[in-house]
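Here the structure is laid out as structure tokens; the discussion comes afterwards.
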Ligand SMILES: C[S@@+](CC[C@H](N)C(=O)[O-])C[C@H]1O[C@@H](n2cnc3c(N)ncnc32)[C@H](O)[C@@H]1O
């Protein structure tokens, strides 16, 4: 292994991210929906022409934009992801990465003190605009995962689902779209549910998806009421004790014979991989007190301890990859 090359490549890592973040911030992708020259883009957006050309050239090298003669265009298959109003828009997710960039600049402070750099709730809590943008980013990010998980698990077996800390409600909405008989409740804090309600209206699923405001640390989530309970991207915000308590509470809400699904970042037993998950563990460590990408074995233990059997762990080709699922032991067993 040529270490200099490996390190050199790693050190470049933030630069492509900055290229995409800048293009997103400047709404440059909208401009290259149709072929445009660099100076046309610069004129329309009031940017420096030569610098715009460099950015477009870098986007071309990154194979996001195509350059033909002197014109640049975004391939049609990228429109849904990068153009404003696209059906699978990544705009809010890219913006979230931009917001995290200054936090990563303080990684060595976190390593020295072990104390979070900036509370994620503080980052979002006071500002309704940020809260909405974060919730929109969750939606953009979750879409692919919802489809991938639905290929692996018989979601259609369920009639009534609880989406704990469901945020935009993407999983509940996508799975209800797939299965006409499924009804779902999205549980989250009241301000977030205002955003969720907009998504429910957009999906036209008001008759089958409702919302339940509350605090999952303090409130009961029900007793044997749902045949499908989901916790997606929740446990990483808390330490092992709090996560275990939440899993126990979630399992209580599952009907005997019903299913629980935990989707989220989780490392291998040695906590050395996958790379996305070890990096995320640093990321969330800088934003929460005690949060981490809990190893998959730990999640399995919590589920077993709460009375879940037939436990299965698999990874999906989405972000994050880790899924752990199982069924609640019914009294007959
Ligand atoms: C990372 S987001 C995940 C959203 C969604 N499950 C997804 O994966 O797309 C975490 C969600 O948990 C919600 N949340 C955080 N603390 C909560 C609490 N104490 N009670 C209820 N919801 C909470 C947040 O508002 C947010 O919507």
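List of remarks:
- Highest average first, the peptides 111-123, 296-308 ordered by how many other beta carbon atoms sit within 10 Å of their residues are 296-308, 111-123.
- Full extension of the chain between residue 109 and residue 319 gives 72.9 nm of extra length, using 0.36 nm per residue less the Cα-Cα distance.
- With each label modelled as a point 7 angstrom along the Cα→C-beta vector, the residue 215-residue 310 pair spans 3.6 nm.
- Degrees separating the helix 275-285 axis from the principal Cα axis of the chain, which is the longest one: 80 degrees
- The residues 278, 76, when put in order of fewest to most other Cβ atoms within 10 Å, stand as 76, 278.
- Peptide ranges 91-98, 136-143 listed from the most packed, as the mean C-beta count within 10 angstrom indicates: 136-143, 91-98
- Length gained on full extension, residue 202 to residue 129: 24.4 nm, using 0.36 nm per residue less the C-alpha separation.
- Neighbour-count order for 216, 265, fewest beta carbons within 10 angstrom listed first: 216, 265
- Crossing angle, helix 296-305 versus the chain [Cα axis fit, 0-90 degrees, rounded to tens]: 20 degrees
- The angle between the Cα long axis of helix 128-152 and the longest principal axis of the Cα atoms of the chain comes to about 70 degrees, rounded to the nearest 10.
- Segment 3-89, relative contact order in percent, only Cα pairs under 8 angstrom and at least six apart counted: 27 percent
- With a simple spin-label model that places each label point 7 Å from the Cα along the Cα-to-Cβ direction, the separation between residue 73 and residue 241 comes to 6.0 nm.
- Volume per residue of the convex hull around the Cα atoms, evaluated for segment 103-223, comes out as 145 Å³.
- 10 Å-binned pair-distance histogram of segment 205-333 (Cα, whole percent): 13, 43, 33, 11, 1
- Once the Cα-Cα distance is subtracted from the 0.36 nm per residue extended length, the residue 27 to residue 181 segment shows a gain of 51.4 nm.
- Protection proxy ranking, highest mean first, for peptides 169-179, 313-323: 169-179, 313-323, where packing is the per-residue count of other beta-carbon atoms within 10 Å, averaged.
- Calculated log₁₀ intensity ratio I(q)/I(0) where the Debye formula runs over C-alpha points of the chain, q = 0.06, 0.10 Å⁻¹: -0.24, -0.66
Every number in this text was worked out from the coordinates using simple rules, so none of it is lab data. Computed from a predicted structure; not experimentally measured. Virtual Cβ from ideal backbone geometry, glycine too; neighbours counted across all protein chains shown.
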